[in-house]
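Since the structure comes first, as structure tokens, the remarks are kept for the end.
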Amino acid sequence: MAKKKRLRLIAEMARKIRVYRELKSRPRESQKYALDYETMKRPLTGKMLPVLAWQDVRRESRLFSLLAGMRMFGVGRMFTRKSWLEDHTEPSYWQITKVKVDYTAQNMDHGKAWGVLTYKGKQESEVKEVDKVMYHDWRLIPKHTEQLFKDFTPLPEPPVRYVPYPPLLRAMMLAQHSKAGRNTVAEEPALPLKRDVLLSKDYFRNQEQERQSQEGTAV
């Protein structure tokens, strides 16, 4: 019969106390992402922001800087990012469904937010936490333009024309490339699903010449 493991109550209580103290001493979001706008450094870590981000930091806003001044902290409103507007022609935005504010922050401009993401015109089905809320490139979508973002119809997905090679065949091809002295492959080898052939006179002439070179000519 196996001996029962003795429960050490004092050791277990000490472990829980250590975990609790670690959680209490962990810096909050408002402390972790605090920024000195004169030196462009974070006081907690002393790290300086990249120079390319200074312009957005001075002109744009973080997500919670916008949510803190809105009714119901912006629940139900739509927010996008400057980088999305510049990089994509399709609408990309978050529709906020839930906000958890850090009330210990001085201006209540820190916390967590959840919502539904629409990226490049494709809306996701699940609610998830909004990422990169500390970035300085968030913008509020005005109500009179929200319908324009929602009415966008994404283009259908292009048909699949290439598929990966089977693992064994792929390994043989890479080994052949390495044997030929080409250690690096520019592109991942892919197998075309459809062979586009232009049926012209030159095509049939080349096929006939190739057949004669393999079989030989009649004497």
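The values are calculated or read from the model by the stated rules, or taken from the named source; none is laboratory data. In this text, all values refer to a predicted model and were calculated from it rather than measured experimentally. Cβ sites come from the backbone with ideal geometry, for glycine too, and all protein chains shown count toward neighbours. The area values use the complete protein model at the heavy-atom level, side chains included, leaving out ligands, DNA and RNA. Shrake-Rupley method; radii C 1.70, N 1.55, O 1.52, S 1.80 Å.
What number of residues within the range 34-77 are in contact with a strand residue (DSSP E or B) (Cβ under 9 Å, 6 or more places away or on another chain), more than 30 Å from Val127 (Cα to Cα) and open to solvent by 50 Å² or more (accessible area, probe 1.4 Å)?
5
Kindly indicate the residue of the range 97-115 that is assigned to a loop (DSSP other than H, G, I, E, B) and open to solvent by 30 Å² or more (accessible area, probe 1.4 Å) and also nearest to Gly76 (Cα to Cα) among those meeting that condition. It comes out as Met108.
Please verify whether the range 41-52 includes one or more residues that are of a type in the set (Ser, Thr, Tyr) and either within 27 Å of the chain's Cα centre (by Cα) or at pLDDT 85 or above (or both). Within the range 41-52, one or more residues are of a type in the set (Ser, Thr, Tyr) and either within 27 Å of the chain's Cα centre (by Cα) or at pLDDT 85 or above (or both). Looking at the structure I just gave you, is Pro142 more than 19 Å from the chain's Cα centre (by Cα) and closer than 30 Å to Leu193 by Cβ? No; evaluated as a whole, the condition is false for this residue.
Results for (1) in contact with a Gly (Cβ under 8 Å, 6 or more places away or on another chain); (2) in a loop (DSSP other than H, G, I, E, B); (3) modelled with pLDDT under 85, shown as yes or no for each residue.
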{"site": "Arg6", "(1), (2), (3)": "no, yes, yes"}
{"site": "Thr80", "(1), (2), (3)": "no, no, no"}
{"site": "Gln95", "(1), (2), (3)": "yes, no, no"}
{"site": "Leu117", "(1), (2), (3)": "no, no, no"}
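When Thr89 is tested against (1) under 20 Å from Glu146 (Cα atoms); (2) part of a helix (DSSP H, G or I); (3) free of Cβ contacts under 8 Å to residues at least 40 places away in the same chain; (4) not aliphatic (A, V, I, L, M), exactly one condition is not met: (2).
Within the range 14-62, if we keep just the residues that are touching a Lys or Arg at 6+ places or on another chain (Cβ under 8 Å) and hydrophobic (A, V, I, L, M, F, W, C), the residue that is farthest from Val99 (Cα to Cα) turns out to be Met48. Checked against (1) touching a Pro at 6+ places or on another chain (Cβ under 8 Å); (2) free of Cβ contacts under 8 Å to residues at least 60 places away in the same chain; (3) farther than 30 Å from Glu188 by Cα; (4) among the hydroxyl-bearing types (Ser, Thr, Tyr), Tyr162 passes all but condition (3). Would you mention how many residues in the range 53-77 are closer than 30 Å to Leu155 by Cα and under 19 Å from the mean Cα position of the chain (by Cα)? The qualifying residues number 1.
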